[in-house]
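Input: a single structure, listed below in structure tokens.
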Amino acid sequence: MRVLLSLSFIACISFANFAQASTTTTQTVQAEVNKKKAVILAKETIGGKTLKITEKTDFYTVRILKSDGHVVDLHINKKTGEVKKD
């Protein structure tokens, strides 16, 4: 009996959250990318060890040492988070 009540309670809460999320209009405001986020984006793109981070006006340059010994520079756009290889 307790299990049935618990499951129905969880279902009601889940449905209420879903209904609230679908009725409210949300605007996604993308925050500017910081150095930490730039490193995370670079490592997600190319795994390896971070060697250096350089900040420019519009982008960060993250230098990554890959496991095979190659060094790669990635440019991460500060506003969009777009990653480009150098």
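The values are calculated or read from the model by the stated rules, or taken from the named source; none is laboratory data. Predicted, not measured: the structure shown is a model, and the values here were computed from it. Methodologically, a virtual Cβ is constructed for each residue, glycine included, from the backbone with ideal geometry; neighbour enumeration extends over all protein chains shown. Accessible surface areas use protein heavy atoms only, side chains included; no ligands, DNA or RNA. Shrake-Rupley method; radii C 1.70, N 1.55, O 1.52, S 1.80 Å.
HN-Hα J couplings of segment 40-55 from phi, Karplus 6.51/-1.76/1.60, θ = phi - 60°, integer Hz, Gly and Pro as x? For segment 40-55, the Karplus curve yields 4, 5, 5, 5, 5, 6, 9, x, x, 10, 6, 9, 7, 10, 10, 9 Hz. Phi angles of segment 67-72 translate, via the Karplus equation with coefficients 6.51, -1.76, 1.60 and θ = phi - 60°, into HN-Hα couplings of 5, 8, x, 6, 9, 10 Hz per residue; Gly and Pro are given as x. Per-atom-type breakdown for segment 41-86 gives carbon and sulfur 47% of the accessible area (1.4 Å probe, protein chains only).
Show me the ranking of peptides 37-48, 68-79 by mean Cβ neighbours inside 10 Å, starting with the highest.
Working: 37-48: 16.3, 68-79: 14.3.
The most tightly packed comes first, giving 37-48, 68-79.
Counting 0.36 nm for each residue step from K56 to D73 and taking away their Cα separation leaves a gain of 4.8 nm.
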